[in-house]
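All remarks here apply to the structure that follows.
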Amino acid sequence: MENNASTEIFVQRLTESQNRISRYVFSLLADHVRTSDVVQETNLVLWRKMSEYDSERPFLPWAMGIARMQVMAHIRDATRDRLLLNSEAAELLAESAEKMAIDSSEEEAALRLCLHSLEGTARQMIEHRYFKARPLSELADSLGRTTSAIKTSLVRIRRQLQECVNRRVAGER
């Protein structure tokens, strides 16, 4: 892949992952200032290791592994502060937080696929209500239905989407 294209893909994935990386680091340190410092250091390390990243593999698990190492280094460097977790406790929390972040990422990818599979009125209703934040009354007027009927339909569509996401995450189609 061309260098500019691979850099662009890397930057896009790094940008998309910033909130998850920050939440992950905060879940381990429980301090906004320390979290900010560790996330900045993590971003520098990710940038330096960009050539090691395989764009065919998921970005988030790789980035989380680097964030975990940065948290551990921060904890080792700040052992004098009794408010920080010890390395062993942080390691256990890191494993749990990583799994939750990766699971969330898989669910989001599944939801995107499930949304694309919606057709007709169902897709139109989801787009207008959730992507364009249109009021129920406006959606009801545009479709010639009552607000109550729109609410009922949206509940059914959300249930259908949840079932689709559950199947995809479980490996079914």
Residue that is modelled with the lowest pLDDT, among those in region 133-147 that are part of a loop (DSSP other than H, G, I, E, B) and surrounded by 11 or more Cβ atoms within 10 Å (Cβ to Cβ): R134
Given (1) at pLDDT below 90; (2) within 20 Å of the chain's Cα centre (by Cα); (3) surrounded by fewer than 17 Cβ atoms within 10 Å (Cβ to Cβ), number of the condition D77 does not satisfy: (2)
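Residue-wise test of (1) under 25 Å from E107 (Cβ atoms); (2) within 20 Å of the chain's Cα centre (by Cα); (3) at pLDDT 85 or above.
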site	(1), (2), (3)
M1	no, no, no
T7	no, no, yes
V11	yes, yes, yes
L14	yes, yes, yes
R23	yes, yes, yes
F26	yes, yes, yes
V33	no, no, yes
V38	no, yes, yes
W47	no, yes, yes
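The values are calculated or read from the model by the stated rules, or taken from the named source; none is laboratory data. Please read all numbers here as calculations on a predicted model, not as lab measurements. With ideal geometry, Cβ positions are generated from the backbone for all residues, glycine too; neighbour counts draw on all protein chains shown.
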